[in-house]
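Below: the structure, in structure tokens.
The values are calculated or read from the model by the stated rules, or taken from the named source; none is laboratory data. A quick note: this is a predicted structure, and the numbers were derived from the prediction, not measured. So basically every Cβ, Gly included, is an ideal-geometry build from the backbone, and we count neighbours across all protein chains shown. Only protein heavy atoms, including side chains, enter the accessible area calculation; ligands, DNA and RNA are left aside. Shrake-Rupley method; radii C 1.70, N 1.55, O 1.52, S 1.80 Å.
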Amino acid sequence: MTRAIVRPSGLDLDSPGRRDYWVALEHDSTWGDHLLPLTVIVGDQVEAGRGLVAFGANHGNEYEGPVAIKHLLHEINSADVCGRLILVPVLNPAAFGSGTRESTADDGVNLNRAFVEGAGLTPALKGITHRIAAFVREYIWPRVHVVQDIHAGGRGHRFALCTSFHHVEDPEQRRIIEATARWFGTPFVMIYQDDTPGLLPSEAERLGKITVGTELGWGETVNPEGVRYACHGIRAAAIHHGQLRGAIEPIGHHADGTQKLVAMVDRNCFTPAPFSGHYEPRMNCGTFVRRGDTVGLLHDFQRVDEQPWPVRAGIDGYVLCQAARAPVAQGLHILVVAQEVD
Ligand SMILES: [Zn+2]
């Protein structure tokens, strides 16, 4: 397989056939380029403005997305593609290269906060991470109506495996997004707060696209169930949204009817650490709890003779997320409980 190194302007994302690229984006500080792997497969029934994109490594230390999409590069038969698939196993090669959430070795920016006005255009927002956001805006958004942004907990948080989306105003868009999210087969489908600026999925949702995010693992590892859910969810979305021929059966918690739709929008869902300390989980993610239940303990080893602070659920619901590492900084959300949605 030959993978051509091209500038963004040299991409062909529209002609029928398969093309494998390294998209070259200028390095910030040395003679060189960041190379972003991108494969496009275009079928004979492709429509303008329609297609599916799957992104891995929006954050550089979350590995289920890159692994799953790398598998799909080999597993998807080009003859089965009727519309357009754009597969990007590593969206932020700067962060992936340093093995960190942000582009630590370069501009230090979090790509999933970089979709802001002027990204890649104004001099103050010209670092590699904002230029990746600008690349997505100029080249990807005009060609897709389905967006899959595969995340995991990275270093900081462990999760009950879930797909995710925000509240969107349009009920039809909302219905289709939820159905698409359910097909991953994860135990939870999570609706989350939309107060954080600069998110890739928030922008895709505002553009009316069928947008699904995920949390498919944690701890900078590769979760085997997470990879399975990612491969299946991306393939199911491609089939159901007219880009890939074939049939597909539900898996996991989608197949057996145990999948739960939950929301973490209410601020009572979140428990921040009141002081820096060490977090001891007493329950696994996915456990149902009542408001006031002690889910974990926060220890202060500078006050080693004091009792630990009980980390309590702020609402009734499921433990969706907890701190993954024992040392936690003051203010970190060490516990997130998500409410079941009818
Ligand atoms: Zn992430």
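Arrange the peptides 82-92, 222-232 so that the one whose residues have, on average, the most other Cβ atoms within 10 Å appears first. Present the calculation step by step, with values, prior to reporting the outcome.
Numbers: 82-92: 25.5, 222-232: 21.1.
Result, highest mean Cβ count within 10 Å first: 82-92, 222-232.
Give me Rg/Rg_expected for the stretch 4-264, where Rg uses Cα atoms only and Rg_expected = 2.2 N^0.38 Å with N residues.
Values: Rg = 17.0 Å, N = 261, 2.2 N^0.38 = 18.2 Å.
Scaled against compact globular proteins, the figure is 0.94.
Quick check on packing: order 152-164, 303-315, 252-264, 93-105 by the mean number of other C-beta atoms within 10 Å, highest mean leading.
Numbers: 152-164: 23.4, 303-315: 14.2, 252-264: 17.0, 93-105: 21.0.
Per-residue mean Cβ counts within 10 Å order the peptides as 152-164, 93-105, 252-264, 303-315.
For the stretch 282-293, take each phi angle, set θ = phi - 60°, evaluate the Karplus expression 6.51 cos²θ - 1.76 cosθ + 1.60, and give the result in whole Hz per residue in order, putting x for glycine and proline.
Values per residue, Gly and Pro as x: 10, 9, 7, 4, x, 6, 7, 9, 9, 3, x, 5 Hz.
Quick check: at a probe of 1.4 Å, how many percent of the accessible area of the chain sits on carbon and sulfur atoms?
Details: 7420 of 14630 Å².
Heavy-atom surface of the chain belonging to carbon and sulfur, 1.4 Å probe: 51 percent.
In Å², and per residue, what accessible area does the stretch 4-264 have when probed at 1.4 Å with the other protein chains present? Don't skip to the answer; put the middle values down first.
Values: 9990 Å² over 261 residues.
On a per-residue basis, 38 Å².
Would you please give the residues with an amide H less than 5 Å from that of Ala152, counting only those at least 5 places away or on a separate chain, with H modeled from the backbone geometry?
Correct list: Leu216.
Can you list residues whose amide H is under 5 Å from Lys260's amide H, if they're 5+ apart or on another chain and H is modeled 1.01 Å from N?
When sequence neighbours closer than 5 places are left aside, the close amide H contacts are Phe188, Val189.
What number in nm² do you get for the stretch 239-331 if you take the convex hull of its Cα atoms and divide its surface by four?
Values: hull surface 34.5 nm².
For the stretch 239-331, averaging the hull's shadow over all directions gives 8.6 nm².
State, to one decimal in nm, how far the label point of Ser276 lies from the label point of Arg175, with both points 7 Å from Cα in the Cβ direction.
Distance between label points: 5.1 nm.
Each residue of the stretch 327-333 in turn: what ³J(HN,Hα) in whole Hz from Karplus with 6.51, -1.76, 1.60 and θ = phi - 60°, glycine and Pro shown as x?
Calculated HN-Hα couplings, in order: x, 10, 8, 3, x, 4, 6 Hz.
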